[in-house]
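A.B. asks: A single structure is presented below for examination.
The values are calculated or read from the model by the stated rules, or taken from the named source; none is laboratory data. Note that the coordinates shown come from a computational prediction; the quantities given were computed from them, not determined experimentally. We place every Cβ from the backbone using ideal geometry, glycine too, and count neighbours over all the protein chains shown. For accessibility, only protein heavy atoms count, side chains too; no ligands or nucleic acids. Shrake-Rupley method; radii C 1.70, N 1.55, O 1.52, S 1.80 Å.
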Amino acid sequence: QVQLVESGGGLVQAGGSLRLSCAASGRTFSRYFVGWFRQAPGKEREFVSYISRSGVGTYYADSVKGRFTISRDNTKNTVYLQMNSLKSEDTAVYYCAAGENLIPQIDLRHYNYWGQGTQVTVSS
């Protein structure tokens, strides 16, 4: 099992940047692929990005491709989401989640563990 805690959220102006962190506790962190999801008020939770166990494989939703970068440091049990060129549409609660499948997934139903979320607010 693994426990996840997000941090790094906050208020930023449109066009600015923010770096989110997902700290994991567990002795087998490298066994999990990790994804980032977000949920805006009145909307369903949506996929943002995922990263494979090794950190080599990454994938992004079209809405954030080219602006966001996911990475991980297994020695620190941490996954990051670097968010650049932020837009007001990026405002949401961001969640990190971990899955145990061998192949990373974009559907939230395939993620077994979830953090509590961190608020990201982009002003315009």
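A.B. asks: Sort through SER54, SER63, SER49 and tell me the only one that's open to solvent by 20 Å² or more (accessible area, probe 1.4 Å), at pLDDT 95 or above and either within 23 Å of ALA24 (Cα to Cα) or assigned to a loop (DSSP other than H, G, I, E, B) (or both). So that I can check it myself, show each step before the final result.
C.D. replies: Values: SER54 fails: at pLDDT 95 or above; SER49 fails: open to solvent by 20 Å² or more (accessible area, probe 1.4 Å).
Just one listed residue meets the conditions, SER63.
A.B. asks: Can you tell me how many residues within the stretch 31-47 are under 9 Å from the mean Cα position of the chain (by Cα) and not small (Gly, Ala, Ser)?
C.D. replies: Within the stretch 31-47, the subset under 9 Å from the mean Cα position of the chain (by Cα) is 34-38, 47.
After this cut, where a residue has to be not small (Gly, Ala, Ser) as well, the list is 34, 36-38, 47.
Result for the stretch 31-47: 5.
A.B. asks: Which one of THR91, THR28, THR69, THR75 is under 20 Å from SER123 (Cα atoms), free of Cβ contacts under 8 Å to residues at least 60 places away in the same chain, among the β-branched types (Val, Ile, Thr) and open to solvent by 30 Å² or more (accessible area, probe 1.4 Å)?
C.D. replies: Details: THR28 fails: under 20 Å from SER123 (Cα atoms); THR69 fails: under 20 Å from SER123 (Cα atoms); THR75 fails: under 20 Å from SER123 (Cα atoms).
Of THR91, THR28, THR69, THR75, the one residue that is under 20 Å from SER123 (Cα atoms), free of Cβ contacts under 8 Å to residues at least 60 places away in the same chain, among the β-branched types (Val, Ile, Thr) and open to solvent by 30 Å² or more (accessible area, probe 1.4 Å) is THR91.
A.B. asks: Among the residues of the stretch 66-75, write down those that are assigned to a loop (DSSP other than H, G, I, E, B), of a type outside the set (S, T, N, Q) and in contact with a helix residue (DSSP H, G or I) (Cβ under 9 Å, 6 or more places away or on another chain).
C.D. replies: Start the filter on the stretch 66-75 by keeping residues that are assigned to a loop (DSSP other than H, G, I, E, B), which leaves 66-67, 74-75.
This time we only want the ones that are of a type outside the set (S, T, N, Q), so: 66-67.
Answer for the stretch 66-75, where residues must be assigned to a loop (DSSP other than H, G, I, E, B), of a type outside the set (S, T, N, Q) and in contact with a helix residue (DSSP H, G or I) (Cβ under 9 Å, 6 or more places away or on another chain): just ARG67.
A.B. asks: For the stretch 78-88, which residues satisfy the criterion of being under 15 Å from LEU4 (Cα atoms) and touching a residue at least 60 places away in the same chain (Cβ under 8 Å)?
C.D. replies: TYR80, LEU81
A.B. asks: Cβ-Cβ below 8 Å, separation at least six or inter-chain, first residue in the stretch 32-47 and farther than 15 Å from SER88 by Cα and of a type in the set (Asp, Glu), second open to solvent by 10 Å² or more (accessible area, probe 1.4 Å) and part of a strand (DSSP E or B): which pairs?
C.D. replies: GLU46/ARG38; GLU46/GLN39
A.B. asks: Just to check your reading of the model, which residue among ARG27, ARG38 is closer than 22 Å to SER7 by Cβ, part of a loop (DSSP other than H, G, I, E, B) and charged (D, E, K, R)? Walk me through it before giving the result.
C.D. replies: Values: ARG38 fails: part of a loop (DSSP other than H, G, I, E, B).
Checking each option against the conditions leaves just ARG27.
A.B. asks: Further question on the same structure: List pairs: first in the stretch 102-124 and in contact (Cβ under 8 Å) with a residue 40 or more places away in the chain, second of a type in the set (S, T, N, Q) and outside any strand (DSSP E or B), Cβ under 6 Å, 6+ apart or cross-chain?
C.D. replies: PRO104/SER52; THR121/THR91; VAL122/SER88; VAL122/THR91; SER124/SER88
A.B. asks: Do we have any residue at all in the stretch 13-28 that's within 15 Å of the chain's Cα centre (by Cα) and farther than 20 Å from GLY117 by Cβ? Can you show your working first?
C.D. replies: Step one: of the stretch 13-28, the residues within 15 Å of the chain's Cα centre (by Cα) are 17-24.
Filter once more, keeping what is farther than 20 Å from GLY117 by Cβ: none.
Checked against the condition, which is being within 15 Å of the chain's Cα centre (by Cα) and farther than 20 Å from GLY117 by Cβ, the stretch 13-28 yields no hits at all.
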